[in-house]
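What follows is a short report on a single structure.
The values are calculated or read from the model by the stated rules, or taken from the named source; none is laboratory data. Just so it is clear, the structure is predicted and the values come from calculations on it, not from any experiment. Note that each Cβ is placed from the backbone with ideal geometry, even for glycine, and that neighbours are counted across all protein chains shown. Just so you know, the surface numbers come from the protein's heavy atoms only, side chains and all, with ligands and any DNA or RNA stripped out. Shrake-Rupley method; radii C 1.70, N 1.55, O 1.52, S 1.80 Å.
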Amino acid sequence: MKKLFLFLAILFSISLFAQSELKITTKKCIPKSEYYLRLQRVFDDSRCPEGVNCIWAGEVSVVVEVYKDKKLVEEKTVTFNSKNKEENFKWFSTYFPEKIQSIGVAPYPKEGQIVKPKKQYIQIVFMD
């Protein structure tokens, strides 16, 4: 009985912290709700690369296209920095009913490495 209780407790704790992830790329629209989002481009990436000490954390801007029924309904420039995190959460939440845990642009820059634009994407992590 104790083993069953322990197993159920572990199972419950794992499911409590389960997450799902969405990648919005430049290649295609990603269906997650009735809307489709596509990353048009990434620009002004001044984030501090891993392995470097910086005074300022930096920021990155992206252009996101929103489609509904294969029609463009909105094109939005979104800037990711420490100041407008809540604003970004609010905008993305209008298109996704799930609770968003985090939003960011990946991959994160590393010292001495150039990230190809085709490899960049917006990563949204949802709480399940």
Exercise. So which residues in region 95-126 are farther than 22 Å from S46 by Cα and either aromatic (F, W, Y) or open to solvent by less than 90 Å² (accessible area, probe 1.4 Å) (or both), if there are any at all?
Worked result: Y95, F96, E98, I100, Q101, V125, F126
For this session: Kindly indicate whether Y35 is closer than 26 Å to S20 by Cβ, over 15 Å from the mean Cα position of the chain (by Cα), hydroxyl-bearing (S, T, Y) and surrounded by 15 or more Cβ atoms within 10 Å (Cβ to Cβ).
Result: yes
For this session: Within region 79-121, track down each residue that is within 25 Å of K68 (Cβ to Cβ) and touching a residue at least 40 places away in the same chain (Cβ under 8 Å).
Result: Y95, F96, P97, E98, Q101, V105, Q120, Y121
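A quick yes/no check of all residues on (1) surrounded by fewer than 17 Cβ atoms within 10 Å (Cβ to Cβ); (2) polar (S, T, N, Q); (3) assigned to a strand (DSSP E or B):
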site	(1), (2), (3)
R47	no, no, no
I55	yes, no, no
S61	yes, yes, yes
T79	yes, yes, yes
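Residues to consider are K27, K23; find the one that is assigned to a loop (DSSP other than H, G, I, E, B), open to solvent by 70 Å² or more (accessible area, probe 1.4 Å) and modelled with pLDDT under 95. Before you say what the answer is, go through the steps one by one.
Values: K23 fails: assigned to a loop (DSSP other than H, G, I, E, B).
It is K27.
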Exercise. What is the number of the single condition among (1) modelled with pLDDT of 95 or more; (2) over 13 Å from F43 (Cα atoms) that K70 does not meet?
Worked result: (1)
